[in-house]
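Structure first, then comments.
The values are calculated or read from the model by the stated rules, or taken from the named source; none is laboratory data. Keep in mind that what you see is a predicted model, and the values were worked out from it rather than measured. Here the Cβ positions follow ideal geometry from the backbone for every residue, glycine too, while neighbour counts run over all protein chains shown.
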Amino acid sequence: MRKKLGAAVVGLAVAGVSLLATGSASSHGYTDQPISRQKLCANGTVTNCGAIQYEPQSVEGPKGFPGAGPADGKICSGQHDTFGELDGAKAPNGNAWPATQLTGGQGYTFRWQFTARHATTDFEYFITKNGWDDSKPLTRADLDPQPFMTVPYGNRQPPGTVEQQGTIPTQKTGHHVILAVWNIADTGNAFYACSDVNF
């Protein structure tokens, strides 16, 4: 009986290691500057977030945004049903999503943190239009059609942290969302991060 139990425990331990290895291989990166919704959930600033609080790096979806990619209303979650809390116009705790204060035209350092590093085509940053409806989940029509910043990466693999210098768009007022997209070179996917900002 003890031998069988011992073998079962070893088997479970191996399975657990395999699951952890699989989890880390399929989990990748997020923005923390400006702080993204998934990072706000992971650090406990926003509560009741569900699964995303444990894996903020996993918001992966089809690439090709805005022509392809996650469906409207599911952009911030990368169209992951388990991360749907990120798509809410309000945070899961019922409050407004905490927002980073910005000034139009200021220089800014955008930052990604990675847990698994992939060959990278580029990074793109989109922002909502003035007058967008922030009482509903984010759609393509809410965003300026072109990214305000694109950072080519030449199919290289990034380090664990990437900082990118840019300029915040001018002529924005009030609450906006910045959508950061990390386009992977050697898969059909990208990673998505929504950050709430106030001008």
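List pairs: first residue in segment 93-117 and within 13 Å of Gly166 (Cα to Cα), second residue loosely packed, with under 14 Cβ neighbours inside 10 Å and of a type outside the set (S, T, N, Q) anywhere in the structure, Cβ distance under 9 angstrom, at least six positions apart or on different chains. From residues that are within 13 Å of Gly166 (Cα to Cα), the pairs are Thr109/Glu163; Phe110/Glu163; Arg111/Glu163.
Collect the residues in segment 31-64 that are basic (Lys, Arg) and either closer than 18 Å to Asn93 by Cα or touching a helix residue (DSSP H, G or I) at 6+ places or on another chain (Cβ under 6 Å) (or both), keeping them in residue-number order.
Let us first name the residues in segment 31-64 that are basic (Lys, Arg), namely 37, 39, 63.
Matches in segment 31-64: Arg37, Lys39.
When Ser36, Ser58, Ser27 are checked against the criterion of being modelled with pLDDT under 50 and under 19 Å from Glu85 (Cβ atoms), a single residue qualifies: Ser27.
Listed by first and then second residue, the pairs with beta-carbon distance under 6 Å, at least 6 apart or on different chains, first residue in segment 157-172 and exposed (fewer than 12 other Cβ atoms within 10 Å of the Cβ), second among the charged types (D, E, K, R) and at pLDDT 95 or above, are Glu163/Arg111. For segment 154-199, a residue qualifies if it is over 18 Å from the mean Cα position of the chain (by Cα) and in a strand (DSSP E or B), and the qualifying residues are Gly154, Asn155, Arg156, Gln165, Gly166, Thr167, His175, Asn198. Among the residues of segment 80-98, is any modelled with pLDDT of 95 or more, in contact with a strand residue (DSSP E or B) (Cβ under 7 Å, 6 or more places away or on another chain) and buried (at least 17 other Cβ atoms within 10 Å of the Cβ)? Looking through segment 80-98, at least one residue is modelled with pLDDT of 95 or more, in contact with a strand residue (DSSP E or B) (Cβ under 7 Å, 6 or more places away or on another chain) and buried (at least 17 other Cβ atoms within 10 Å of the Cβ).
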